[in-house]
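These notes concern the structure reproduced below.
The values are calculated or read from the model by the stated rules, or taken from the named source; none is laboratory data. Since we're looking at a predicted model, the values are computed, not measured. Neighbour counts run over all protein chains shown; Cβ positions are idealised from the backbone, glycine included.
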Amino acid sequence: MKVQLLPSSIDENGRASARQHLLTIVIDDCVAVDAGCLAMSCTEAQRNGIRDILLTHTHLDHIAGLPLFIDDLFAVLKEPVRIHATAEMVRILENDIFNWSIYPRFSELSNEYGKVVEYHEFSRGSTLNVKHLKVKSIGVNHPVSANGFLLSDGSVSIAVTGDTAETVDFWKACNECSDLKAVFVECAFPDELVDLARVSDHLTPARLKTEVEKLDRRDLPIYVINLKPMYREKILSQLEGLNIDHVEPLEVGRVYEF
Ligand SMILES: [Zn+2]
């Protein structure tokens, strides 16, 4: 399974920077987990190949590139872009994003080949088929309807928390998965902003340590995602100070193979 975190900012030389304002993780060049920077940062192969988008939740940093992705492809789509989301998320997208004021209601529009968008609703805890992947959704703790995912291609699995505070079900699902190869865990704020992390339902390095201790296996690589760019260096140095085995930030742009 190929996994790539798409960039969402540039450095002083105009190259992709590690500062991550928006989140999109692409799997096997054909499935996107979240669409924060999908339209802006995907490769040509990904633009042609991705027609399935799995949403963890509807916060802007996870969906900002979604309307732009559909807009960009509108005339050439020969099949609809399938948005896999809970009913609550679909309601929010239709009311608050695709409402003709922020952007067109693409679900009511067609091109010469047919519909350009299709919602595929799933309920928390259900397992869905997305292209070649079997995806188990796991409810996590965040101020809106939010899900983590366990994604399997039939031979290996990975787990992605999405945005969350402390959770139990996600780690239980990880522990029950025998071919799990990597876990992607959010860590938005440094420890001194724990109050902010609490009210916004995010993790800090100390809270992340408590979370990963819920994993039975200690050999699993744990990749940290969703670091607020302003605090990135601080979060990374605090994580290093905690001496947790196999924890590292997910490198932007790099293609990981599991
Ligand atoms: Zn969020």
- Note on the structure: Expected single match for away from the ligand (no atom under 16 Å from the Cβ) and either assigned to a loop (DSSP other than H, G, I, E, B) or under 17 Å from the mean Cα position of the chain (by Cα) (or both) among Leu203, Leu151 is Leu151
- Message: Among the numbered criteria (1) within 14 Å of the chain's Cα centre (by Cα); (2) surrounded by fewer than 21 Cβ atoms within 10 Å (Cβ to Cβ), which one does Thr161 miss?
- Response: (2)
- Test Phe69 against the stated conditions and say whether it is touching a Lys or Arg at 6+ places or on another chain (Cβ under 9 Å), farther than 26 Å from Leu250 by Cα, buried (at least 20 other Cβ atoms within 10 Å of the Cβ) and at pLDDT 95 or above. no
- Residue that is touching a Leu at 6+ places or on another chain (Cβ under 7 Å) and free of Cβ contacts under 8 Å to residues at least 60 places away in the same chain, where the choices are Lys115, Lys136, Lys172: Lys136
- Is one or more of the residues making up the range 92-112 within 30 Å of Cys177 (Cβ to Cβ), among the polar types (S, T, N, Q), free of Cβ contacts under 8 Å to residues at least 12 places away in the same chain and part of a loop (DSSP other than H, G, I, E, B)? no
- When the range 176-186 is checked residue by residue, the ones that are more than 18 Å from Asn147 (Cβ to Cβ) and not in a strand (DSSP E or B) are Ser178, Asp179
- Item | Meets criteria (surrounded by 17 or more Cβ atoms within 10 Å (Cβ to Cβ), under 16 Å from the mean Cα position of the chain (by Cα) and either outside any loop (DSSP other than H, G, I, E, B) or of a type in the set (S, T, N, Q) (or both)) for Tyr223 | yes
- Message: Restricting to the range 154-175, name every residue that is within 16 Å of the ligand (Cβ to nearest atom) and assigned to a loop (DSSP other than H, G, I, E, B).
- Response: Thr161, Gly162, Asp163, Thr164, Ala165, Glu166, Thr167
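So is Leu73 of a type in the set (A, V, I, L, M, F, W, C) and within 20 Å of Gly148 (Cβ to Cβ) or not?
no
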- Could you tell me whether any residue of the range 6-29 is touching a strand residue (DSSP E or B) at 6+ places or on another chain (Cβ under 7 Å), in contact (Cβ under 8 Å) with a residue 40 or more places away in the chain and more than 30 Å from Lys234 (Cβ to Cβ)? yes
- Query: Considering only the range 14-72, how many residues are part of a loop (DSSP other than H, G, I, E, B) and acidic (Asp, Glu)?
  - Reply: 3
